[in-house]
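The values are calculated or read from the model by the stated rules, or taken from the named source; none is laboratory data. Being a predicted model, the structure only gives us computed values, none of them experimental. Reconstructed Cβ throughout: ideal geometry from the backbone, glycine too, with neighbour counts over all protein chains shown.
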Amino acid sequence: MTNTNISEYAHLSQAAKEYMECDKQTRIQYIRSPRWIGYPKALEIIEKLEDLQSYPRRHRMPNMLIVGESNSGKTMIAERFLEKNPPYEREDNEGVVIPVLFVQAPPVPSESRLYSNILEKMFAPYRPSDTAEKKHYQAIQLMKYCNVQMLVIDEIHSILAGNLEKQRVFLSVLRNLGNELKIPIVGLGIKDALRAVKTDPQLDNRFKPTILPRWEYGQDYRRLLASFESMLPLAQPSKLSARPIATKLLSMSDGLIGELSELLSEAAVQAISNGKECIDLQLLNDLQWLSPGERRLQNG
């Protein structure tokens, strides 16, 4: 513990100020822990998800596709939505209600593997050797019992890992799932997800895409950096939103929020370790950080 008065750290959030009273290792652990920043596009998507969740049940439910490059913040937004809709005990104490079910798409388009992923996420026993029909029946009955209101599928672009026939079958399974349960389905994926869904014209009409673009230099981006800075327990202001360092961070992260978050975390850890207590251009240069584009070129 230090003896510094936490009221001195005007550039920090209250939580970050409190961590300034902790030892270096605890501060570093806090910096590397997940954190949520409600920037405008993320809040807009969460609002759309809330509208979709409360949509009146009908045979042809609207769906949503959240599309962005790897590390663009898709999963972070979905996890935030899940935090706002956690499972809870049924009123009769005979199990739980799961408002939003979040599952991973199988690595190849497989009806059986999708149902297995659903059952595993709901902690339901099943035999891997069971037929797809049996898993389908079990998954549908369990999702109805737990009053699942929305199914979120991550990495939905994995559909393209199979041939056209497998893709069509898998998309048909998604369509039937939505019809049977009368719930919306939300897919998360890279741009290939748009191409995958277009394989099924009926699903293509139902899945409304929302794009997460790369960040560009501007007021919203500078506000984002200011929000990040307020959460990093560093004794000295870094002035991340000032143009020189803001443009440097944009270049190093390729405008991807997940990359930016990881970059700032590592920079903050370095600032604590070397005693500088702020992030500046020199520190960023010393990190020898490679942007996603540079890593792709290096990997050939």
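Pairing residues of the stretch 142-162 that are more than 10 Å from VAL100 (Cα to Cα) with residues that are acidic (Asp, Glu), at Cβ distances under 8 Å and at least 6 apart in sequence or on separate chains, gives HIS157/ASP192; LEU160/ASP192.
Scanning the stretch 9-36 for residues that are hydrophobic (A, V, I, L, M, F, W, C), surrounded by fewer than 16 Cβ atoms within 10 Å (Cβ to Cβ) and not in a helix (DSSP H, G or I) turns up ALA10, CYS22, TRP36.
Being at pLDDT 95 or above, assigned by TED's automatic domain parsing to the domain that holds LYS182 and charged (D, E, K, R) is true of GLU44. Suppose the filter is over 18 Å from TRP289 (Cβ atoms) and in a strand (DSSP E or B); does LYS208 pass it? Judged against the criteria, LYS208 is a match.
Within the stretch 186-210, being surrounded by fewer than 24 Cβ atoms within 10 Å (Cβ to Cβ), β-branched (Val, Ile, Thr) and modelled with pLDDT of 90 or more holds for ILE190, THR210. Among the residues in the stretch 233-242, are any in contact with a helix residue (DSSP H, G or I) (Cβ under 8 Å, 6 or more places away or on another chain) and either assigned to a helix (DSSP H, G or I) or of a type in the set (Asp, Glu) (or both)? No: the stretch 233-242 contains no residue that is in contact with a helix residue (DSSP H, G or I) (Cβ under 8 Å, 6 or more places away or on another chain) and either assigned to a helix (DSSP H, G or I) or of a type in the set (Asp, Glu) (or both).
Here CYS278 passes the criteria (1) more than 22 Å from GLN29 (Cβ to Cβ); (2) at pLDDT 95 or above; (3) not in a helix (DSSP H, G or I); (4) not acidic (Asp, Glu) except the one numbered (1).
Selection within the stretch 250-300: residues that are β-branched (Val, Ile, Thr) and more than 22 Å from the chain's Cα centre (by Cα). The member of this set that is nearest to SER238 (Cα to Cα) is ILE279. Mind counting the residues in the stretch 53-105 that are closer than 30 Å to SER253 by Cβ, hydroxyl-bearing (Ser, Thr, Tyr) and touching a strand residue (DSSP E or B) at 6+ places or on another chain (Cβ under 8 Å)? So the answer is 2.
Scanning the stretch 51-64 for residues that are assigned to a helix (DSSP H, G or I) and surrounded by 19 or more Cβ atoms within 10 Å (Cβ to Cβ) gives a single hit, LEU52.
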